[in-house]
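Enquirer: The structure's right below; bear with me while I get my questions together.
The values are calculated or read from the model by the stated rules, or taken from the named source; none is laboratory data. Bear in mind the structure is a predicted one, so any value in this text is a computation, not a measurement. Every residue, glycine among them, receives a Cβ derived from its backbone with ideal geometry; neighbour counts consider all protein chains shown.
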Amino acid sequence: MKLTRRQLAQLGLVGLAGMNPLLASATSPPKTAAGLKILILGGTGFLGPHIVNNAVASGHTVTLFNRGKTDPHLFPELEKLVGTRSGNLEPLQGRQWDVVLDTSTFMPNEVQKSCALLKPNVGHYLYISSTAVYKDWSGPMDETAPVYNLKAPDSANYNSFQKYGAAKAGCERQVSKHFPQQHTVIRSDAIAGPGDKHHRYTYWIRKAAMGGEILGPGRPSTFVQYIDVRDLAQWVVHCAENSVNGTFNASSKASAYTMETMINDCRTASDTASSVVWVDSEFLVAQGVQDIPFWVPLQDAMPGMGQLSVEKAMQNGLQQRAKLDTARDVFEWYQGFPAEDKVLGVGISQEQQAQLIAAWNKLQEAA
Ligand SMILES: NC(=O)c1ccc[n+]([C@@H]2O[C@H](COP(=O)([O-])OP(=O)(O)OC[C@H]3O[C@@H](n4cnc5c(N)ncnc54)[C@H](OP(=O)(O)O)[C@@H]3O)[C@@H](O)[C@H]2O)c1
């Protein structure tokens, strides 16, 4: 769909001529550096391409380093170095960059290798971490809250939230050890937006687009936090340009959005008739349901969820578009999926959803 100038203005995109509006950022904070040489470790997954687009549009020279497996057709005009985080860093040897943006690993030993190799030749190291590093979600918190300090084995078997968080915390320690005064650690929360390969937010867009009854898991008032990938990408480039140093949470504002407002945004964006049936978490757990995006089965044990402060990032340049804009753009992007890809393979299927709602209604009637 081609947007008119008026529509672009409504999205805050006027002035970004030539960029795909779905990839563009909502607003542009003032730039203080241009023409940086930027190395992106990754660059072709979900967050990566948005960072690339932003950096290129801002006049920087971008080099990508990855295995050449994910979407290798992307960015034919850029320099691409092929290697692996675990072993082959040879193409990076002896090269110089102003900034490295590390988006592609949660393995501490891999970050240790890239930091040690790049330290003599790179001015600033920015690492995309995760809010999973926090070990205690008993209340609201900021960046000073305790993080995991487990002896994380350097194995690929990080199959739980806790192990992933411990591994990410280990990566952060490597970055701050090798680049003590020249690093940015960005602890990202769930990322939403066009291009998402994980489909967590897109799951809710799909449910809204299907119409009818939507199963709302747990309480409607449960706080959720997520960040639009384009706002995150914009801020990553801003941090690189301004040598922002330190550790930051990156997400939407604390205690500002709930499961209900998120689902309702998706319903509004899809413009399809639907209603939400709220089903208790205990019931879902008893039925063996394990994974519905943004639902935390043991939410009473983690009351701090959705209440992570992002004030520090906001004071350092993070800007965020309206949540409904994210919903509208993800819906538009989802509409373009070929039919066979529209079933996303995350959360519960339409059939499962109908069965759970029927069983829940029966229980309510009997009560
Ligand atoms: N998605 C979320 O909701 C979320 C939330 C919090 C934090 N994060 C963090 O955000 C970062 C970005 O996540 P993303 O999903 O958007 O990933 P991404 O950076 O967009 O994609 C992964 C990139 O890394 C490359 N890569 C993967 N394994 C590699 C290896 N062994 N050696 C070299 N390159 C490798 C991939 O290319 P090849 O496959 O071609 O190698 C691809 O370019 C990650 O660090 C993630 O932990 C994500």
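Enquirer: If you scan region 337-367, which residues turn out to be under 17 Å from Val285 (Cα atoms), among the small types (Gly, Ala, Ser) and part of a loop (DSSP other than H, G, I, E, B)?
Expert: Within region 337-367, Gly347, Ser349 qualify.
Enquirer: With respect to the numbered conditions (1) part of a helix (DSSP H, G or I); (2) more than 14 Å from the ligand (Cβ to nearest atom), which one is the sole condition not fulfilled by Gln174?
Expert: (2)
Enquirer: Step by step: first the residues of region 135-167, then only those that are at pLDDT below 95 and not in a loop (DSSP other than H, G, I, E, B), then the one that is surrounded by the fewest Cβ atoms within 10 Å (Cβ to Cβ). Which residue is that?
Expert: Within region 135-167, the match that is surrounded by the fewest Cβ atoms within 10 Å (Cβ to Cβ) is Phe161.
Enquirer: Do any residues in region 93-104 that are charged (D, E, K, R) and modelled with pLDDT of 95 or more have Cβ atoms under 7 Å from those of residues that are away from the ligand (no atom under 13 Å from the Cβ) and in a loop (DSSP other than H, G, I, E, B), where the two are at least six apart or on different chains, and which pairs are they?
Expert: As it stands, the answer is Asp98/Leu36, since those pairs meet every condition given.
Enquirer: Could you identify the single residue in Pro91, Pro76 that is surrounded by fewer than 15 Cβ atoms within 10 Å (Cβ to Cβ) and either away from the ligand (no atom under 12 Å from the Cβ) or under 9 Å from Leu39 (Cβ atoms) (or both)?
Expert: Pro76
Enquirer: Among all residue pairs at least 6 apart or on different chains, which show Cβ distances below 8 Å where the first residue, located in region 115-134, is at negative phi and the second is assigned to a strand (DSSP E or B) and acidic (Asp, Glu)?
Expert: Val122/Asp98; Gly123/Asp98; His124/Asp98; Tyr125/Asp102; Leu126/Asp102; Tyr127/Asp102; Ile128/Asp102
Enquirer: Of everything in region 76-103, what is charged (D, E, K, R) and within 24 Å of the chain's Cα centre (by Cα)? Give them in sequence order.
Expert: Passing the criteria: Lys80, Arg85, Asp102.
Enquirer: If I filter region 189-199 down to residues being within 11 Å of the ligand (Cβ to nearest atom) and surrounded by 22 or more Cβ atoms within 10 Å (Cβ to Cβ), which single residue comes out as farthest from Gly306 (Cα to Cα)?
Expert: Here the answer is Asp196.
Enquirer: Out of (1) more than 21 Å from the chain's Cα centre (by Cα); (2) assigned to a strand (DSSP E or B), what's the single condition that is false for His73?
Expert: Every condition holds for His73 apart from (2).
Enquirer: Moving on to the next point. Of all residues in region 318-345, how many are surrounded by fewer than 16 Cβ atoms within 10 Å (Cβ to Cβ) and in contact with a helix residue (DSSP H, G or I) (Cβ under 6 Å, 6 or more places away or on another chain)?
Expert: Total meeting the criteria: 1.
Enquirer: Regarding region 91-102, can at least one residue be identified that is touching a strand residue (DSSP E or B) at 6+ places or on another chain (Cβ under 6 Å), under 22 Å from Ser243 (Cα atoms) and part of a loop (DSSP other than H, G, I, E, B)?
Expert: No, every residue in region 91-102 fails to be touching a strand residue (DSSP E or B) at 6+ places or on another chain (Cβ under 6 Å), under 22 Å from Ser243 (Cα atoms) and part of a loop (DSSP other than H, G, I, E, B).
Enquirer: Moving on. Filter region 62-73 down to the residues that are within 7 Å of the ligand (Cβ to nearest atom) and on the phi > 0 side of the Ramachandran plot and list them by number.
Expert: Gly68 - this is the single residue of region 62-73 that is within 7 Å of the ligand (Cβ to nearest atom) and on the phi > 0 side of the Ramachandran plot.
Enquirer: Would you mention how many residues in region 10-62 are at pLDDT below 95 and assigned to a helix (DSSP H, G or I)? Please lay out each step first, then the result.
Expert: Our first condition is that a residue be at pLDDT below 95; within region 10-62, this holds for 10-35.
Then drop every residue that is not assigned to a helix (DSSP H, G or I), which leaves 10.
Here the count works out to 1.
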